[in-house]
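Scroll down for the structure; my scribbles are underneath it.
Computed from the coordinates by the stated procedures, all read-outs in this text should not be read as laboratory data. This is a predicted model, so every value here is computed, not measured. No Cβ is skipped: glycine too gets one built from the backbone with ideal geometry, and neighbour counts run over all protein chains shown.
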Amino acid sequence: MKVAFLRRHPLLSFYLLAYGFTWSLGVPQLLSRRGLIDVHVPHLVEPVAAFGPFFAALVVLYSLNGHAGLRTLRQDLLRWRIGPGWLVLSLLSTPLLLLLAVFGARSLSGAELTLPSRLVELASISGLFDLIVVGGLLQSLGEEPGWRGFAVPTLRERFGPLLATLALWPVWLCWHLPFFLSRPEFGWPQWIGFSIGILSAAIWLTLLRDGTQSILACVGWHALANICRNTALAVSSAAFLVYNNLILFSALLIAGYWIWSARRASASGG
């Protein structure tokens, strides 16, 4: 990719680089898991491929602003001093929603709260590594410096928070396609649910990015959201559905607040 094109079209260049890095690793894994190529692709390729957005942000920011661009990204990634309210939203919102989902699902079903075998497996060393390190920390660290560190601030220069989120949503969603399609058990119902989940997460993460200017806060929320979602699934299908619906409902409240704020500002001439 030529530097001149990158400087004229930084957001498009970011998208192309993020997709190129991730799909160059994710597509071979997809073909291998589907039995279309006779090559074994290790499971850990997926968390490496998740660093496509981080890589793309580094390339674009360096091309645009040199070392100053990288320094700004690093400062935002390491910014941990945020208000107590934002700290609660970043680190406690998803665990609290998980607790509500587990006890809510139990109340709806009327069943006794037991320890499912899938949750026991998840508590093993390998299970915890996959849950916390691979599915939580690595995935979120690979993605957030790009999507929320570069794409959202760039879109926010032109759009309000809701339109910026809606503009990024399909790009972020389709970026996941190699990971999604590599799981033969997933079909259209799962894709629809996944799409709604991505939109809900995108709304939450735009809120956090706007409110804290901290990529680290977004990394924390994203990691915990993944961990809590997979934990809910290990508890029961009902807990998983309730958890996802709680995330969706809270995201709709955030979107409603944005719409109300925009109308209020418009009415006051702001």
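For the chain, a Gaussian network of Cα nodes joined below 10 Å ranks G66, G160, G35 by mean-square fluctuation, and the top entry is G35. Over the C-alpha atoms of the stretch 114-270, the Rg to Rh ratio, Rh being the Kirkwood estimate, stands at 1.01. Rounded, prolate or oblate: which one fits the stretch 196-270, using the alpha carbon gyration tensor with axes a ≥ b ≥ c (rounded when a/c is under 1.5, else prolate when a/b beats b/c, else oblate)? It is oblate, given that a/c is not under 1.5 and a/b is not larger than b/c.
Computed from label points 7 Å out along Cα-Cβ, the spacing between D210 and R263 is 1.6 nm.
Here the contact order of the chain, divided by its residue count and restricted to Cα pairs under 8 Å and six or more residues apart, works out to 29 percent.
Relative contact order of the stretch 130-270: 34 percent, from C-alpha pairs under 8 Å at least 6 residues apart in sequence.
The smallest convex shape that holds all Cα atoms of the stretch 1-76, its convex hull, gives 98 Å³ per residue.
When the chain is treated as a GNM with alpha-carbon contacts under 10 Å, the residue of L163, L36, L73 showing the greatest mean-square fluctuation is L36.
Once the trypsin sites (Lys or Arg not before Pro) in DSSP loops with at most 12 neighbouring Cβ atoms within 10 Å are cut out of the chain, the longest remaining piece is 159-270. Which of rounded, prolate, oblate describes the stretch 1-127, given a ≥ b ≥ c as roots of the alpha-carbon gyration tensor eigenvalues and a/c under 1.5 marking rounded, otherwise prolate only if a/b is larger than b/c? Oblate, since a/c reaches 1.5 and b/c is not below a/b. Rounded to the nearest 500, the 222 nm mean residue ellipticity of the chain from helices alone is -24000 deg cm²/dmol, with -39,500 (n - 2.57) taken per DSSP H run of at least 4 residues.
Looking at the square roots a ≥ b ≥ c of the eigenvalues of the Cα gyration tensor of the chain, which shape do they give, rounded for a/c under 1.5, prolate if a/b is larger than b/c, or oblate? Oblate is the answer for the chain, as a/c is 1.5 or above yet b/c matches or exceeds a/b.
Between the stretch 220-270 and the stretch 1-57, the C-alpha centres lie 28 angstrom from each other.
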